[in-house]
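The values are calculated or read from the model by the stated rules, or taken from the named source; none is laboratory data. Owing to the predicted nature of the structure, the values given are computational and were not obtained by experimental measurement. Cβ coordinates were reconstructed from backbone atoms using ideal geometry, including for glycine residues, and neighbour counts include every protein chain displayed.
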Amino acid sequence: MKKSSNISGFYKLGIQERRELLKEFADLSDEDLGAGLSLESGDRMIENVITLFPLPLGIATNFLINGRNYLIPMVLEEPSVVAAASNSARIARKKGGFHATSDDPVMIGQIQLTDVEDPSMSRIKILEAKGDIIEKANDQDPLLVKLGGGAVDLEVKIVEIKSEAMVIVHLLVNVKDAMGANAVNTMCEAVAPMVEKLGGGKVTLRILSNLATHRLARARAVFDKDLLGGDEVVEGIYKAYKFADADPYRCATHNKGIMNGIDALAIATGNDFRAIESGAHSFASLDGYHSLTHYEVNENGDLVGSIELPMACGTIGGATSSHPVAKLSLKILKVESSQELAQVMASLGLAQNLAALRALASEGIQKGHMALHARNIAVMAGAEGEEIDIVSKILVDEGNVRVDRAKEIVQEMRNSST
């Protein structure tokens, strides 16, 4: 029987009920769901460890991507994000869900050559030795080459900075299912002496670039106008998108909303969310800072959304392979490659962005956000057990989600019960 991610009322279920449903969907065991990072393991991951800092892992439902159902794990502290993504995915399902593609996982390693007397001749000599440089790079990682990856090409450009011209070599490496930083950096270090000898001058930096323009992911979806709220909401979303695409102050928050989803999945799977975030914003800045998403209204009045951005993510290596919760997240996703994971991330980013624009264009972003935030406020005010739901409901109904008011309500409830 085909398992569907289209789960109505998932948020209404208790934690144990959600866990049981997830176990069935992803073929998980109780041991899988009990996974967690030990203090000893954490001490091996970074320096000077004193304790752990857990964050909640939630599940975004309803995702249909390239005809396949996904439940998407997300790790973050901000309320409303998981619910918003799930709702956008539900709306997208009516018109076939998300359609996503991704490039081969090719990363860029940069080698900086300075103090070059003749940059143009230096560039030509390096390009003439492309084959030898690629061969030297691939000697560093025969396993990657055996798996079908490795250095695949070389680019050389001249960068003018005031009175100095630098020659910058781009080593293009197919890193397969890894994020690829270690492999690329190792290759750059190995070929640097060759580049220096060929081009003259002095090699300084040898480092991976997080602007992975050869490793883009794309997703598109049609969002039904009626499920969005009608023509007026569609028009509002479109105008909000145009505002973001034209104004960097709005666009910074617009693109941050996209990364709310992508970062949450990156953290859940043990990926370097900082690298992905850096690449996304750099990519958005290439022709003047602009929206990573694009929207149009089709002939039926439905909203057509798309997204394109670099996606340097992996399914092996680093915390992805060592963190027990990251391994659990990948088991839930059942992705078979880094390219498939990139497609899921792009789809999630588009869903997250659509949800934010829809809230802004209709009820306003604060109504839904603060309704979920009210529970946190209730806890901060000292509410316990059943008090939390009662206090949060009163706060929302009053439209006054503040700690001081929550404390008053908690005190009133406890006084009336004595």
Check your understanding: Which members of the range 68-86 meet the condition of being out of contact with any Gly (no Cβ under 9 Å at 6 or more places or on another chain), crowded, with 20+ Cβ neighbours inside 10 Å and not hydroxyl-bearing (Ser, Thr, Tyr)?
Key -> 71
Check your understanding: Counting only residues that are buried (at least 17 other Cβ atoms within 10 Å of the Cβ) and either within 19 Å of residue 351 (Cα to Cα) or of a type in the set (D, E, K, R) (or both), how many does the range 282-305 have?
Key -> 9
Revision key, fill the gap. Among (1) out of contact with any helix residue (DSSP H, G or I) (no Cβ under 7 Å at 6 or more places or on another chain); (2) among the basic types (Lys, Arg); (3) part of a helix (DSSP H, G or I), residue 18 falls short only on (1)
Study note, to complete from the structure: Of the conditions (1) surrounded by 17 or more Cβ atoms within 10 Å (Cβ to Cβ); (2) on the phi > 0 side of the Ramachandran plot, the single one that residue 217 does not satisfy is (2)
Check your understanding: Which members of the range 34-67 meet the condition of being under 30 Å from residue 351 (Cα atoms), touching a residue at least 60 places away in the same chain (Cβ under 8 Å) and loosely packed, with under 15 Cβ neighbours inside 10 Å?
Key -> 36, 55
Point to revise | Test: residue in the range 263-273 that is assigned to a helix (DSSP H, G or I), modelled with pLDDT of 95 or more, surrounded by fewer than 21 Cβ atoms within 10 Å (Cβ to Cβ) and in the same structural domain as residue 26 (by TED's automatic domain parsing) | key: yes
Point to revise | Residue among 239, 225 that alone is surrounded by fewer than 20 Cβ atoms within 10 Å (Cβ to Cβ), assigned by TED's automatic domain parsing to the domain that holds residue 324, touching a residue at least 40 places away in the same chain (Cβ under 8 Å) and among the basic types (Lys, Arg) | key: 239
Review point. So which strands (runs of 3 or more DSSP E) stay within the range 90-186 end to end and still have 1 or more residues that are on the phi > 0 side of the Ramachandran plot and either assigned by TED's automatic domain parsing to the domain that holds residue 227 or touching a Pro at 6+ places or on another chain (Cβ under 9 Å) (or both)?
Key: 150-161
